[in-house]
Structures are given as C-alpha cells and as structure tokens.
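> If you scroll down you'll find the structure; I have some questions about it.
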Amino acid sequence: MRIGSGWDLHRLVPGRALVIGGVDIPSPLGEEAHSDGDVLLHALIDAILGAHAKGDIGSHFPPDDMKWKDADSKALLKAVLEDCPTSFVNIDCTIVLQRPKLREHVDSIRASLAQLLDIDVQLVSVKAKTAEHCLAELGSGEAISASVTILTSTP
Ligand code: MG
C-alpha cells in the first residue's frame, strides 16, 4: 500500500469556466490558471505523484511552458497516469468553495473522477464545504481549494 496527498488552490475571476473534477459548474467566476485550472484534478495529480514519490505537478507541467497554456487538466491527469500506473484502493476529496453550493454537483464530480480513473464510483468520495466566510479569499468566494488523499496498492 502507498498513500498520496495533494492540495491546490486557485483564485476565482470573471470570464473563466469553473471546472471541478472535469465537470463544468455554472458560476459567474472560474479558476484563474495557466491551464484550465481544475483545482480538484490538480490536487489529485499531486496525490498520485506523491504516492509514487515522483515530484509535483509544477515539476511535470511547468507553468511557464506554453505547451500547457489552457491545457485540459484531464490530459494532464492522463499523462501522469501513464507515467505512474496506479491501482487505486480509494480516493477521498474535499473541496472548499464559498459559492455556488456544490451539493447538487457532487455526484457528477464523483462519476467524472471514477470515469477518469477507471474505477468504481463507490471508491470515490467527494465532500464539499464552504469556508464559513473565513480564510480571506476562500471565505469571500474569490478562491477555491481542494485536497485529495489516495490509497494505492502495488502489485
Ligand atoms: Mg492548480
């Protein structure tokens, strides 16, 4: 068994899509980023890299590399999984977003992650919280963060 953890945060700005776990969430604000800014997939990628002790997302996809400009984070995840074949025992995710409320989107996000990782949706936990109007930009709805923990089994 190996464990991996990842965390990410993005500022939220007008004129950008809010993409979480590969799902487009209706919102007037979206993640500011070099790529599409999918905060949950970025945390997941770091968790996978962590379980394999293979650095972090920034070392694999440098933000100053124009190749990854506006990249679909699903493609980044696919590249990491090719480099780090992973047998998932389960994954547990927490998203912190003040607004919009994510409750009605949680099952779509779980299904998307299960499909992207080719695992049963029952192995995928997604929890959504607000920042209770605390924590500066997270609490004012001007940022989003996500953390992911994974457990993997090695053959
Ligand atoms: Mg990121």
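> Do we find a residue being surrounded by fewer than 17 Cβ atoms within 10 Å (Cβ to Cβ), of a type in the set (Asp, Glu) and under 15 Å from Thr149 (Cα atoms) anywhere in the range 89-105?
Within the range 89-105, one or more residues are surrounded by fewer than 17 Cβ atoms within 10 Å (Cβ to Cβ), of a type in the set (Asp, Glu) and under 15 Å from Thr149 (Cα atoms).
> I'm told Leu44 meets every condition in (1) within 13 Å of the ligand (Cβ to nearest atom); (2) not in a helix (DSSP H, G or I) except one. Can you identify the failing condition by its number?
(2)
> Hey, does the range 107-124 have a residue that's among the small types (Gly, Ala, Ser), within 18 Å of Arg2 (Cβ to Cβ) and modelled with pLDDT of 95 or more?
Within the range 107-124, not a single residue is among the small types (Gly, Ala, Ser), within 18 Å of Arg2 (Cβ to Cβ) and modelled with pLDDT of 95 or more.
> Just to be sure I understand the filter: pairs with C-beta atoms under 8 Å, separated by 6 or more residues or on different chains, first member in the range 28-40 and under 24 Å from Ala111 (Cβ atoms), second member in a loop (DSSP other than H, G, I, E, B) and near the ligand (Cβ under 10 Å from one of its atoms). Which pairs pass?
Close Cβ pairs (under 8 Å, with a partner that is in a loop (DSSP other than H, G, I, E, B) and near the ligand (Cβ under 10 Å from one of its atoms)) amount to Gly30/Gly37; Glu31/Gly37; Glu31/Asp38; Ser35/Phe61.
> For the range 7-22, give me each residue that is within 16 Å of the ligand (Cβ to nearest atom) and over 14 Å from Ile144 (Cα atoms). Give the steps one after another, and end with the answer.
First, pick out the residues of the range 7-22 that are within 16 Å of the ligand (Cβ to nearest atom): 7-13, 16-22.
Once the filter is applied, which keeps residues that are within 16 Å of the ligand (Cβ to nearest atom) and over 14 Å from Ile144 (Cα atoms), the range 7-22 yields only Gly22.
Matching residues to (1) surrounded by fewer than 18 Cβ atoms within 10 Å (Cβ to Cβ); (2) at positive phi:
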{"position": "Ser108", "(1), (2)": "yes, no"}
{"position": "Val121", "(1), (2)": "yes, no"}
{"position": "Ser125", "(1), (2)": "yes, no"}
{"position": "Lys129", "(1), (2)": "yes, no"}
{"position": "Ala136", "(1), (2)": "yes, yes"}
{"position": "Gly139", "(1), (2)": "yes, no"}
{"position": "Ser147", "(1), (2)": "no, no"}
{"position": "Leu151", "(1), (2)": "yes, no"}
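> From the residues in the range 1-32 that are over 13 Å from the mean Cα position of the chain (by Cα) and assigned to a loop (DSSP other than H, G, I, E, B), which one is nearest to Ser87 (Cα to Cα)?
Among them, the one singled out is Met1.
> Picking from Asp65, Asp56, Asp36, Asp70, which residue would you name as being exposed (fewer than 12 other Cβ atoms within 10 Å of the Cβ) and either within 11 Å of the ligand (Cβ to nearest atom) or within 18 Å of Gly22 (Cα to Cα) (or both)?
Just a single option satisfies the conditions, and that option is Asp70.
> Name the residue that is farthest from His60 (Cα to Cα), counting only residues in the range 16-36 that are modelled with pLDDT under 95 and small (Gly, Ala, Ser).
Ala33
> I would also like to ask the following. So which residues in the range 39-53 are under 21 Å from Val23 (Cα atoms) and either surrounded by fewer than 22 Cβ atoms within 10 Å (Cβ to Cβ) or of a type in the set (D, E, K, R) (or both), if there are any at all?
Residue satisfying the conditions is Asp46 alone.
The values are calculated or read from the model by the stated rules, or taken from the named source; none is laboratory data. From a predicted model like this one, the values you see are computed outputs, not experimental measurements. Note: ideal-geometry Cβ built from the backbone for every residue, glycine included; neighbour counts use all protein chains shown.
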